[in-house]
Amino acid sequence: MAAPGTVAAALGAWLVFEGEAGFSMTPPTSCTWGRRGSTPVILVRGRSQCRFSIAALCCYQAGERSRLVYRPKRHTDHKNGDHKRCGRKGFAWTEYRDLRIAAHQQFDGPIVLIRDHLNVHQDRRMRAFIDAQDRLTAYHLPPYAPDLNPVESIWSVLRRTSQANTVFTDPDHLHRRLRHGLRHIKHRSDIINRCLTATGLTLTTPPLQPQ
């Protein structure tokens, strides 16, 4: 089986990597400035029940501007009847389906999709949806290979630029910062390109495991 990058080039297709990550109101910490001899103290919230998930596609094609397609989701805990409290569930297979449909609507041409082994990707309904698409070819990354997925670098950039050392006042504050950070990355194809470069992959990499 030819490598996904080679298949994409032969078909004139977009090479699309898929990934998902969760974000909470407890931010990552990073180095910052402070007065000489005085260690900066940044107050942050403790363990937070509120969580956002983001599913994203990093999209590449030779001769085209690289794209980022994403969908954020705020989780709610319906068991407790509190719509302001967030749970920890990720995206359903139907939401991944809709994300891929949105990508098809943006691109004029077929898509070669590369994703991890998340359970939702193994859903029989998802496999049936992929099999029914003439312009969609899907591959799996090797088991546990986040270093081969440029979407993982997108999360790293987002955490360093939109989350680090930030005291979030409420979930809406976190949501606004995440959306602002994603919009910034979306309009910076050079950042999306560097995320692919960081994986060491090219359009003619060795074969990955097909679906």
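Things worth noting here:
- Farthest towards the positive end of the charge dipole of the range 126-168, among the residues 140, 128, 158, is the Cα of 158, using unit charges on the Cβ of Lys, Arg, Asp and Glu.
- Around the Cα centre of the range 100-170, unit charges on the Cβ atoms of Lys, Arg, Asp and Glu (plus for the first two, minus for the last two) sum to a dipole of about 100 debye.
- Rolled with a 1.4 Å probe across the full set of protein chains, the surface gives residue 147 an accessible area near 100 Å².
- Translational diffusion of the range 126-177 was estimated from the Stokes-Einstein equation, with Rh taken as the Kirkwood radius over Cα pairs; at 37 °C and 0.692 mPa s the coefficient is 228 µm²/s.
- Database remark: amide H of residue 136 closer than 5 angstrom to the amide H of 111 (H placed geometrically; neighbours at sequence offset of 5 or more, or on other chains; Pro and chain starts carry no H).
- The range 52-199: projected area of the alpha-carbon convex hull, averaged over directions, in nm²: 10.1
The values are calculated or read from the model by the stated rules, or taken from the named source; none is laboratory data. Everything numeric in this text was worked out from a predicted model, so none of it was measured. Glycine also receives a Cβ, built like all others from the backbone with ideal geometry; neighbour counts cover every protein chain displayed. For accessibility, only protein heavy atoms count, side chains too; no ligands or nucleic acids. Shrake-Rupley method; radii C 1.70, N 1.55, O 1.52, S 1.80 Å.
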